[in-house]
Amino acid sequence: MSLNLDAPPTFAIDDTAPSLPVRMRRLRRTPALRALVRETRLHPAMLVAPLFVRPGSSVREPIASMPGQARLSPDLAVQEVTRLAELGVGGVILFGLPESKDALGSGASDDDGIVQDVFRRIRALDLPIVTIADTCLCEYTDHGHCGPLAPDGSVDNDAALGRLADVAVSQARAGADIVAPSAMIDGQVAAIRAALDAAGFKKTAIMAYAAKHASAFYGPFREAADSAPAFGDRQSYQMDPANGREALREMALDVAEGADILLVKPALPGLDLIAAARARFDLPIAAYQVSGEYAMLAAAAERGWLDGPRATTEAVTAIVRAGAGIVITYAAADLATWLRDER
Ligand code: PBG
């Protein structure tokens with residue numbers, strides 16, 4: 001075959017068909033053609049916005065490492081949830097900064113606690129948005145770990161189960177549609193399902209943070225939620241980021257324990273797991289674009305090193321292309337606004 005640089009190469013599609021030039025650019029020619037053949041589309045209804053709620057009234061405390069995000073008092077949090085619902089955002093997930101902390105993280109299961117208060121206020125307004133509770137203890141324990149400690153300083157797995165079950169029941173009682181256990185305690189989904197059912201909350205769904213790596217990308221969150229461990233790290237309960245097969249075992253266990261939705265976290269560093277989860281399980285698959293993923297984009301955009309809206313849209317589109325049908329992202333309101341203005 002002689003090399004012809006004036007036209008694309010020709011390939012035989014099969015033995016009988018004539019050779020055809022392959023011109024992939026035909027369908028990229030105009031915005032309308034590109035829109036017609038686009039494989040992945042974002043919609044506000046698939047997005048979930050995380051919110052940090054703190055005590056007080058009319059308080060908006062910006063989070064330095066997460067430009068555009070703030071800790072909100074309950075009144076402002078409810079205003080924000082109302083705005084998100086108007087934008088068509090699918091859900092909100094609440095994280096609480098309690099008035100005080102103790103060794104057991106008692107505040108997390110307090111019916112008068114900060115997130116419970118906000119869930120009740122949202123429920124009272126009957127907003128068309130799904131309410132999700134992060135079910136964990138790390139924001140409520142004085143030591144910052146995700147469960148009570150054993151005498152040797154490790155997180156006591158089986159003592160954590162009872163605590164997490166109490167937290168989930170309290171969140172359901174306050175009106176959360178979904179509880180999302182994120183502590184990576186063995187057996188947490190089964191314990192929470194049993195406790196919810198026993199307390200009469202059979203309709204409360206569980207979104208399991210099934211594949212949660214011990215990730216450096218949670219750094220800004222720990223500042224935002226004041227939940228950095230006082231000593232040590234979370235590597236004895238969160239997964240080694242090097243492990244993918246183990247992540248699939250975690251997911252299979254959570255399915256067996258009664259999870260309704262599986263969550264992969266962090267999202268962009270876990271695209272392979274999102275794709276594997278989508279192929280293997282028929283549950284809805286969610287992914288969490290975590291604080292560090294957001295902070296990187298926001299910081300680079302602030303410096304003019306990246307086009308923020310384009311890079312954010314590209315990252316979230318990749319997460320959906322990999323197989324996530326639900327994306328938790330700090331950019332949910334921004335994305336919903338850009339999607340609306342695009343039309
Ligand atoms: C609670 C929890 C964390 C995140 C979600 N739920 C912190 C952690 O596990 O250390 C991180 C979310 C983010 O970084 O945006 N355990």
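A compact table of results
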{"read-out": "Meets criteria (in contact (Cβ under 8 Å) with a residue 40 or more places away in the chain and not hydroxyl-bearing (S, T, Y)) for A168", "value": "no"}
{"read-out": "Residue check for Y209: part of a helix (DSSP H, G or I), closer than 17 Å to Y237 by Cβ and within 10 Å of the ligand (Cβ to nearest atom)", "value": "no"}
{"read-out": "Check on D177, without any contact (Cβ under 8 Å) to a residue 24 or more places away in the chain and either surrounded by fewer than 17 Cβ atoms within 10 Å (Cβ to Cβ) or under 21 Å from the mean Cα position of the chain (by Cα) (or both)", "value": "no"}
{"read-out": "Some residue of the range 159-173 being surrounded by fewer than 16 Cβ atoms within 10 Å (Cβ to Cβ) and either part of a helix (DSSP H, G or I) or within 14 Å of the ligand (Cβ to nearest atom) (or both)", "value": "yes"}
{"read-out": "Residue in the range 241-257 that is touching a residue at least 40 places away in the same chain (Cβ under 8 Å), buried (at least 22 other Cβ atoms within 10 Å of the Cβ), within 16 Å of the ligand (Cβ to nearest atom) and not charged (D, E, K, R) present", "value": "no"}
{"read-out": "Condition broken by R340, with the remaining ones in (1) at pLDDT 95 or above; (2) surrounded by fewer than 18 Cβ atoms within 10 Å (Cβ to Cβ) satisfied", "value": "(1)"}
{"read-out": "Members of the range 294-335 found to be away from the ligand (no atom under 14 Å from the Cβ), surrounded by 17 or more Cβ atoms within 10 Å (Cβ to Cβ) and not in a helix (DSSP H, G or I), listed by number", "value": "L306, G323, A324, I326"}
{"read-out": "The range 194-224: number of residues that are surrounded by fewer than 22 Cβ atoms within 10 Å (Cβ to Cβ) and over 20 Å from G270 (Cβ atoms)", "value": "11"}
{"read-out": "Tally of residues being more than 16 Å from the ligand (Cβ to nearest atom) and either in contact with a strand residue (DSSP E or B) (Cβ under 6 Å, 6 or more places away or on another chain) or aliphatic (A, V, I, L, M) (or both) across the range 282-293", "value": "3"}
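The values are calculated or read from the model by the stated rules, or taken from the named source; none is laboratory data. Quick caveat, the model's predicted, so the values are computed rather than measured. Positions of Cβ are backbone-derived with ideal geometry, glycine not excepted, and every protein chain shown enters the neighbour counts.
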